[in-house]
Amino acid sequence: MSTAVAVAHETAGEWKQPSRGIVGMFCLIAAESAIFVIFVVAYIYYTGKSLNGPTPRQVLDIPWFTSVCLLSSSITVHFAVHALQHARVRASALWLAGTILLGGIFLAGTGMEWYRLIYHDGLTISTNLFGTTFYSLVGLHASHVIVGLIMLLAALIFATMGKLGKQHAERLEVLSLYWHFVDAVWVVVFTVVYVLGR
Amino acid sequence: MATQTQVAGVGYQAGAKGPGGVFLATLQDWVMTVDHKKIGIMYIVYALLFLAIAGVEALLMRIQLAVPNNHFVSPQTFNRLFTMHGTTMVFFVGMPILFGFGNYLVPLMIGARDMAFPRLNAFSFWVSAFAGFLLYFSYFAGSGLYGAGTAPDVGWFAYAPLTAKVFSPGHSTDYWTLSVLLSGVGSIGTALNIVATTLCMRCKGMKLSRLPLLVWLYFVTSCIAFIAISPLTAAQIMLIIDRYLGGHFFDTQAGGSAVLWMHFFWIFGHPEVYILVLPAFAFANEIIPVFSRKAIFGYPAMVAATVGIGFISMSVWAHHMFTVGMGPAGNTFFTLSTMIIAVPTGIKIFNWLATMWGGNIHFTTPMIFAIAFLFQFLIAGLTGVMLAASPFDWQLGSSYFVVAHFHYVLVGAILFMIFSAFYFWYPKMTGRMMSEKLGKWHFWLFIIGFHLTFDFMHIPGILGMPRRIFTYEADRGWASWNMIVSIGAFVQAIATLIFLYNLISSYFKGQIAGPDPWDAWTLEWSTNSPPPSYNFAQIPTVESRRPLWDIKHPEDPDSRYE
């Protein structure tokens with residue numbers, strides 16, 4: 001006897017609940033934020049505590065161009081979602097491609113920065129506390145960029161195969177939330193590492 | 001839901017394929033399931049397995065400490081035993097058993113057919129399960145390919161710099177790190193699922209103000225999990241970087257800080273206590289009203305107190321570090337915040353007492369466990385307030401007094417409520433009642449054993465016995481106390497064996513329960529025992545906090561008063 005508890009006196013008003021995808025993504029963002037907070041705290045705590053060089057001031061250049069690229073990709077991904085919500089799949093695909101390009105430029109910039117730091121300045125993760133905290137914090141962020149790029153690329157591939165439609169707008173919105181989060185984290189990392197930490 | 005039916009379909013097809021097919025089909029059904037009830041039961045069974053293992057480890061330690069100058073186990077083995085006991089009990093018994101009940105009950109209580117993300121749910125369980133087996137695989141592979149294996153021996157909070165490669169060579173510490181990291185991933189997944197389920201999967205009329213308190217408490221627990229477990233994940237990543245990539249996070253030789261690890265660990269470690277105890281409160285919130293035959297007293301106050309505990313729990317971690325020397329400002333802050341958290345907890349205790357006050361109390365096995373929980377949790381809270389006073393803590397930090405205090409919380413409060421929950425929801429999960437007679441035996445033996453062990457454990461602590469020593473000399477005056485403590489441990493072990501026997505025998509021979517054996521009021525009792533895979537044939541609609549009361553008493557429904 002699986003009696004359902006159906007006492008339907010109360011019919012007034014529609015029963016609305018938040019989207020589980022968006023709630024889930026916000027939960028993930030909360031958990032990820034806590035991870036980043038710990039790494040940022042470690043970075044700030046160890047600023048200037050390295051026993052030997054090189055120091056941030058000696059080797060770090062402010063990555064203006066790639067940072068602007070990454071932050072503008074938040075705008076392009078927003079337009080991609082907006083286009084898909086209005087069933088303009090081709091426009092959405094173009095905006096997605098733009099987002100991937102901008103994210104890719106950022107990632108390439110990080111790669112070139114690391115190459116220079118490792119081969120020219122001799123700074124590795126085991127050189128000193130600055131190296132340990134710098135590579136782990138920036139690397140943690142870069143790994144989130146990579147995950148985001150893979151997911152955006154998957155969305156783009158679906159779009160080119162014609163399998164992306166208006167019905168997927170909410171899923172793309174969930175992905176865009178993640179991407180906005182990755183950008184927001186970069187604002188913090190940029191401030192801590194390149195502005196305050198130098 | 002589509003995935004669910006698909007997977008079940010695959011299972012049945014395999015079953016049709018000839019001899020041995022039934023076993024394989026059952027196995028496949030359980031391994032591949034995304035049904036929240038099956039995953040919940042797997043969590044619970046898995047936790048019971050580890051409860052037995054970690055319990056045996058505790059018994060071995062108690063044999064070693066029963067008499068002075070004992071050589072039952074070596075100091076090295078003793079270090080491994082307390083490390084594995086602590087890690088297992090927190091990460092592979094406490095967390096999975098509580099998440100197991102949450103998985104099982106939350107969708108049923110809010111009138112949903114499954115969790116918000118069924119596949120993520122299965123993933124979280126299997127990752128957590130793998131993490132537990134990884135931890136114990138260290139016994140075979142801990143020191144790598146050469147020589148015999150060893151388990152981790154760095155203690156469950158693994159203070160730096162003991163965990164540095166120099167001081168902990170081999171791979172035993174890495175097994176600890178990786179298994180704790182993975183268990184954290186699983187916990188975050190399940191916590192995410194519980195929050196999304198609570199917010200997005202409620203049946204019609206199940207407003208947040210009508211959620212069963214169990215669901216509210218699981219919701220808050222899960223929110224704490226995001227903020228508390230992630231720092232541990234971050235700290236474990238740092239430890240891996242230190243051990244494998246030559247990083248210096250906790251390397252004191254290169255300017256790194258050992259105290260930073262303590263902060264990071266306890267930022268996780270103290271909220272973790274609330275992650276474990278809130279589900280125990282959640283069980284009490286459902287069980288005490290049913291057996292007092294009254295609605296819970298002060299529902300809004302309970303919710304507010306829970307949310308308050310959630311917030312304050314984030315600001316008490318450094319009371320584990322009074323002996324480090326944080327300076328007067330830090331000590332004062334953490335003393336105050338720790339004492340403040342006793343206030344919402346006190347509100348809860350008074351609400352439970354007020355629920356029982358004037359009620360028609362039925363002393364069934366779940367209820368007597370819940371009543372014992374109330375008393376023991378009060379005492380555990382009082383020694384907590386004592387230890388919160390930093391000067392007092394300087395005297396007794398890292399002594400057996402501390403060990404007795406937190407076991408009073410973990411066993412006296414949490415484990416008692418878990419037992420209570422077993423007796424209460426077992427009929428729902430299996431369709432059969434657990435034996436009341438064996439239940440009473442279990443209760444009385446366990447409570448006697450518990451008090452023998454953990455009441456008397458305070459005394460050697462006050463007499464100066466430090467925790468984690470593998471033996472002691474006869475002239476310290478600790479010997480008779482330790483003997484009593486060890487005897488109590490064995491009484492508890494016998495009681496637990498009775499419980500396990502009861503679990504198994506009731507499955508085959510227990511009295512048939514029917515859908516609602518306790519005459520309870522929340523939605524899980526409105527469907528069959530055990531519930532069908534879709535939970536509810538028709539999604540219910542609710543109008544009050546006690547939907548089944550409304551059905552049973554249409555002349556006087558709760559909705560009139562809320």
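The values are calculated or read from the model by the stated rules, or taken from the named source; none is laboratory data. As the structure is a computational prediction, the values presented were derived from the model and not from experiment. Positions of Cβ are backbone-derived with ideal geometry, glycine not excepted, and every protein chain shown enters the neighbour counts.
For residues in segment B:386-405 being of a type in the set (A, V, I, L, M, F, W, C) and without any contact (Cβ under 8 Å) to a residue 40 or more places away in the chain, which is nearest to B:L98 (Cα to Cα)?
Out of the qualifying residues, it is B:M386.
Based on this model, can you work out whether A:S176 counts as closer than 23 Å to A:V68 by Cβ, crowded, with 21+ Cβ neighbours inside 10 Å and of a type in the set (S, T, Y)?
Criteria met by A:S176.
Please find, among A:F134, A:F130, the residue that is within 22 Å of the chain's Cα centre (by Cα) and buried (at least 22 other Cβ atoms within 10 Å of the Cβ).
When all the criteria are applied, what remains is A:F134.
Does at least one position in segment A:32-43 carry a residue that is out of contact with any strand residue (DSSP E or B) (no Cβ under 6 Å at 6 or more places or on another chain), closer than 20 Å to B:M314 by Cα and among the acidic types (D, E)?
Scanning segment A:32-43 turns up at least one residue that is out of contact with any strand residue (DSSP E or B) (no Cβ under 6 Å at 6 or more places or on another chain), closer than 20 Å to B:M314 by Cα and among the acidic types (D, E).
Would you mind stating whether B:I287 is within 14 Å of another protein chain (Cβ to nearest Cβ) and either surrounded by fewer than 22 Cβ atoms within 10 Å (Cβ to Cβ) or part of a helix (DSSP H, G or I) (or both)?
No: the conditions fail for B:I287.
In the list B:Y534, B:Y501, which residue meets the criterion of being among the aromatic types (F, W, Y) and within 14 Å of chain A (Cβ to nearest Cβ)?
B:Y534
May I ask you to say which residue of B:Y146, B:Y104, B:Y136 is under 26 Å from B:F268 (Cα atoms), at pLDDT below 95 and aromatic (F, W, Y)?
When all the criteria are applied, what remains is B:Y136.
Scan segment A:13-32 residue by residue and report those that are surrounded by fewer than 18 Cβ atoms within 10 Å (Cβ to Cβ) and under 17 Å from A:L137 (Cβ atoms).
Correct list: empty.
Could you tell me which numbered condition B:A196 fails, if it satisfies all but one of (1) out of contact with any Lys or Arg (no Cβ under 9 Å at 6 or more places or on another chain); (2) part of a helix (DSSP H, G or I); (3) within 22 Å of B:V277 (Cα to Cα)?
(1)
Please determine, by comparing only the residues of segment B:443-500 that are part of a helix (DSSP H, G or I), more than 22 Å from the chain's Cα centre (by Cα) and among the polar types (S, T, N, Q), which one is surrounded by the fewest Cβ atoms within 10 Å (Cβ to Cβ).
Among those residues, the one meeting the criterion is B:S480.
Whether any residue in segment A:41-55 is at pLDDT 95 or above, within 29 Å of B:G189 (Cα to Cα) and within 9 Å of another protein chain (Cβ to nearest Cβ) is what I want to check.
Among the residues of segment A:41-55, at least one is at pLDDT 95 or above, within 29 Å of B:G189 (Cα to Cα) and within 9 Å of another protein chain (Cβ to nearest Cβ), which makes the answer yes.
Regarding A:A34, is this residue within 14 Å of another protein chain (Cβ to nearest Cβ), touching a residue at least 12 places away in the same chain (Cβ under 8 Å) and under 21 Å from the mean Cα position of the chain (by Cα)?
No, not satisfied.
Report, by residue number, each residue of segment B:489-517 that is within 10 Å of B:L445 (Cβ to Cβ) and among the small types (G, A, S).
B:A493, B:A495
Here is a list: B:E543, B:E555. Which entry is among the acidic types (D, E), free of Cβ contacts under 8 Å to residues at least 12 places away in the same chain and either within 13 Å of chain A (Cβ to nearest Cβ) or surrounded by fewer than 21 Cβ atoms within 10 Å (Cβ to Cβ) (or both)?
The unique qualifying residue is B:E555.
Taking segment B:189-223 as the search range and keeping residues that are small (G, A, S) and facing another protein chain (nearest Cβ under 9 Å), which one is farthest from B:T306 (Cα to Cα)?
By that ranking, first place goes to B:G205.
Within segment B:224-239, restricting attention to residues that are surrounded by fewer than 24 Cβ atoms within 10 Å (Cβ to Cβ) and more than 8 Å from chain A (Cβ to nearest Cβ), which residue is nearest to the chain's Cα centre (by Cα)?
B:I224
Starting from residues that are within 13 Å of B:A158 (Cβ to Cβ), within 29 Å of the chain's Cα centre (by Cα) and more than 7 Å from chain A (Cβ to nearest Cβ), keep the ones in segment B:240-269 and report whichever is surrounded by the most Cβ atoms within 10 Å (Cβ to Cβ).
B:F268
Answer yes or no as to whether B:W525 is within 30 Å of B:D558 (Cβ to Cβ), in contact with a His (Cβ under 9 Å, 6 or more places away or on another chain) and modelled with pLDDT of 95 or more.
The answer is no for B:W525.
For segment B:19-60, how many residues are assigned to a helix (DSSP H, G or I), at pLDDT 95 or above and not small (G, A, S)?
19
Filter segment A:112-140 down to the residues that are assigned to a helix (DSSP H, G or I) and over 27 Å from B:P231 (Cα atoms), then identify the one that is farthest from the other protein chains (Cβ to nearest Cβ).
In this case the residue turns out to be A:M112.
When you check B:W317 against the structure, is it under 24 Å from the mean Cα position of the chain (by Cα), within 14 Å of chain A (Cβ to nearest Cβ), surrounded by 24 or more Cβ atoms within 10 Å (Cβ to Cβ) and within 26 Å of B:L378 (Cβ to Cβ), yes or no?
Against the criterion (under 24 Å from the mean Cα position of the chain (by Cα), within 14 Å of chain A (Cβ to nearest Cβ), surrounded by 24 or more Cβ atoms within 10 Å (Cβ to Cβ) and within 26 Å of B:L378 (Cβ to Cβ)), B:W317 qualifies.
Quick one: count up the residues across segment B:505-537 that are in contact with a strand residue (DSSP E or B) (Cβ under 6 Å, 6 or more places away or on another chain) and in a loop (DSSP other than H, G, I, E, B).
2
What is the number of the single condition among (1) loosely packed, with under 15 Cβ neighbours inside 10 Å; (2) of a type in the set (G, A, S); (3) within 16 Å of the chain's Cα centre (by Cα); (4) more than 14 Å from every other protein chain (Cβ to nearest Cβ) that A:S143 does not meet?
(4)
Within segment B:59-85, take every residue that is hydrophobic (A, V, I, L, M, F, W, C) and buried (at least 19 other Cβ atoms within 10 Å of the Cβ) and give me the one that is farthest from B:F137 (Cα to Cα).
In this case the residue turns out to be B:L65.
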